[in-house]
Each structure stands twice: as C-alpha cells, then as structure tokens.
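Take a look at the structure set out below.
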Amino acid sequence: MRKKWYILQTFSGMENKVKELIEEKARLFEKEKFFGKILIPEESEIDLTNKKVDRIVVEKDAIIHVKNGDNVKKGDIIAEEPEVIVKRSGVISEIKNFRRIIIETKDRKYLKDYTIPESAKIMGGLKINTPVEIGMPLAAEGGYESAFDGTVVAVEKLKRIVVSTDDHGEDLYYIYKDNFDSAAFRKGTYVEKGQMLSNKKEFKAKSSGKVEIRDFGSWKQIIILKTRISRLFPGYMFIEMILNKETQEMVKNIPYVINFINIGGTPVQLKNKEVKALLRLTGEESYEVKESKIRVDYEVGEHVRIINGPFEFFTGKITEIDLHKQTVKVTINMFGRETDVELGLTEIEKIS
C-alpha cells in the first residue's frame, strides 16, 4: 500500500512534541514502514519588535552570494571582495594603519566613506548603528567631520600601502588589516605586477535573519533583519502514512493529539495539488519560477489562477492589491479551509 497524506490537529504549540512522540511510538511498535514524512510548515517573518539590524557594506565589484528576501544563518558567507593585485612593479614605500568609517544619511539615500589615519586619533564609540550629527568630529585631529546627520553603517581597520613604481609613479592600495600579511610585505619589499597583496575578503552573517540589499553605486549595503519563526498553520501538522485502524488509533492516542481532520469520522486525504503545495512550502520539493508578464488590471474580489510558486494550479479570490510592492493577497481553499497567501503579480493570471 502507498502512503497518503493526512492532516492532524493538535494542541497549538505542541506540534513538534507530537512529531517526536509519533516517531518514537512507530519505532517502539516496529511500525516505521507505515510512516513517511511529518511536516510542520513554518515561515520566517521580520521581527518588528527587534530594532537591531546587522549591516555589511562592500564595494561595488564585490561578489554577493545572497539576494533580497533570502533567509541566512549566522556564519553564512554573504559576500566577498576580490584579491588585491599589484598593478605596477615597484617598492613598498609606505605602510600605515587607517580606519574606514561609512555613514548613511538619515533618509537612507546616500553613503559616504571617510578613510582616516589612525594617527589622527579616531573618536571612541564610533561603531555600527551609532547615530552621528552634521559637523560631529570623527577624529581628534585632521578636521575629519561628518558631512550630514546619519548613522554609522561600517567600520573597518585597513592598511594603506603605497608602492613607488619602477616608472617613477605611485600606486595606492587599501587592504583589510586582517587580510594583510605583515611578515610577507614590509616597507622596502619589492613587489611585481600581478603579485597578490591580499587574499579575497569574506563577509559572514553576524546573525540569522532576512536579507535586504541596497545599491548605492560605489557601495552595496547588505542588511540582515532579525526574524522570528511562526507556524503557518498553528495547531495542525501533516503526516504521510499508511492509514489503517491500528495506525489511526496509535496516532490518535498520542498525548496532545486532538484528531485527524475528518468527514464523518473518516480522515480526509490531501489532494495532489495540496501535497505539492505542502512540499514546496516546506522546501521538500524544489520548483522553477516561470517568467511571465506583469498585469496591473486586477480588482479586489476578482478570481484568479495561480501559475507560479508553491500554490501553482490553485484558484482564489483577490482580497488586497499593493501596486507599489506589486503583490496581491489571494484567498484560496487549502486543506479544507480558507487561507490567505501573498503573491507577486507575476504569479497569477486572469481566469478567462
């Protein structure tokens, strides 16, 4: 017999505990072959109560490994800047410690970087997310001041390398301090064209969250917004199993289980399109996003067909339209109940 999918109603908040107990009981009674996947769909949403955000600012030629809306975990590689390569052969004539401070304007439209020698005595307390005001000194000496009101979004320690080239010129390089090999490169060291002064610089997520990327031309800012996990269907879980009298009673008798979703006492089996949506929602099945034209002539109350994403092949009614975000909210009938889903305009089409 083939396993089928069913919906199990539980006490809200006890879904994971019920999953553990089902798996434990299946092992105990040697019924593991009767059970398949047990899924508890979750979604990651921005935690609006958490005002702290993590920021990473990289140069325009950096390789970005994430995209807008991605969920990342602490330690994931977010971006990398390329190696620093010697442009012209010559002798290193100067190595000095610098600090790069990048400030974002209050309206979040512009970034300005200040590359300041450590000898200018950088002001203490200038850390990421520190607010600054126009005219505020960034160092005790040298006249370095903030040009506007804003927020510090990046602080990096650098090595400023000057190479006096063979053709009587000078090349200037800024290298991240933790990427600089001070044993290999000293004042007076001869370097050749094409030689690597530093390895690529990797930037890792300092916390878990949802990615937002802003492009400022010369700089790209990657923001990680704190998120929290919430159940898509609180008090419900989805179980793949061979249903017979014995397995049904075994599951029903597990603590915190209320019952199978049923009609007249018979557990309701999920439809194929519901199973497909469930597997896509939980990442158990991948899907290809199809290209489609954006239409904006939709109306609230209009019935549409979903043509992309986890809910492909479902139909539903538009309850809300946001043309600025190019999204709609559609009410669909799923798992025997009405469910609101947010979709892009490219994910729906009119029903002719």
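The values are calculated or read from the model by the stated rules, or taken from the named source; none is laboratory data. None of these values were measured; they are calculated from a predicted model. Positions of Cβ are generated from backbone atoms using ideal geometry, with glycine treated the same way; all protein chains shown enter the neighbour counts.
Could you run through region 225-242 and say how many residues are in contact with a strand residue (DSSP E or B) (Cβ under 6 Å, 6 or more places away or on another chain), of a type in the set (A, V, I, L, M, F, W, C) and either farther than 22 Å from Asp340 by Cβ or in a loop (DSSP other than H, G, I, E, B) (or both)?
Number of matching residues: 4.
Being part of a loop (DSSP other than H, G, I, E, B) and either over 18 Å from Ser12 (Cβ atoms) or at pLDDT 95 or above (or both) is the filter here; which residues of region 244-272 pass it?
Selection gives Asn244, Asn253, Ile254, Pro255, Tyr256, Gly264, Gly265, Val268, Leu270, Lys271.
Of the numbered conditions (1) outside any loop (DSSP other than H, G, I, E, B); (2) among the β-branched types (Val, Ile, Thr); (3) modelled with pLDDT under 95, Val18 satisfies every one except a single condition; which is it?
Among (1) outside any loop (DSSP other than H, G, I, E, B); (2) among the β-branched types (Val, Ile, Thr); (3) modelled with pLDDT under 95, Val18 violates only (3).
Looking at region 313-352, which of the residues that are assigned to a loop (DSSP other than H, G, I, E, B) and modelled with pLDDT of 85 or more is surrounded by the most Cβ atoms within 10 Å (Cβ to Cβ)?
Phe314
Does Glu141 satisfy the criteria of being without any contact (Cβ under 8 Å) to a residue 24 or more places away in the chain, touching a Lys or Arg at 6+ places or on another chain (Cβ under 7 Å) and on the phi < 0 side of the Ramachandran plot?
yes
Six or more apart or on different chains, Cβ under 6 Å: which pairs go from a residue in region 67-93 that's farther than 16 Å from Phe203 by Cα to one that's surrounded by fewer than 17 Cβ atoms within 10 Å (Cβ to Cβ) and among the aromatic types (Phe, Trp, Tyr)? Could you list them?
Short answer, once both residue conditions are applied: Val91/Tyr190.
Six or more apart or on different chains, Cβ under 9 Å: which pairs go from a residue in region 154-179 that's on the phi > 0 side of the Ramachandran plot and not assigned by TED's automatic domain parsing to the domain that holds Arg100 to one that's outside any loop (DSSP other than H, G, I, E, B) and aliphatic (A, V, I, L, M)? Could you list them?
Qualifying pairs under 9 Å: none.
When you look at Ile38, is it crowded, with 18+ Cβ neighbours inside 10 Å, in a strand (DSSP E or B), aliphatic (A, V, I, L, M) and at negative phi, yes or no?
yes
Within region 273-287, does at least one residue satisfy the condition of being part of a strand (DSSP E or B), touching a residue at least 24 places away in the same chain (Cβ under 8 Å) and surrounded by 15 or more Cβ atoms within 10 Å (Cβ to Cβ)?
no
Conditions tested, residue by residue: (1) modelled with pLDDT under 95; (2) closer than 16 Å to Val57 by Cβ; (3) outside any loop (DSSP other than H, G, I, E, B).
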{"site": "Ile161", "(1), (2), (3)": "no, no, yes"}
{"site": "Asp167", "(1), (2), (3)": "no, no, no"}
{"site": "Tyr174", "(1), (2), (3)": "no, yes, yes"}
{"site": "Phe185", "(1), (2), (3)": "no, no, no"}
{"site": "Lys206", "(1), (2), (3)": "yes, yes, no"}
{"site": "Lys210", "(1), (2), (3)": "yes, no, yes"}
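Out of contact with any Asp or Glu (no Cβ under 6 Å at 6 or more places or on another chain) and at pLDDT below 95, is that true of Lys127?
yes
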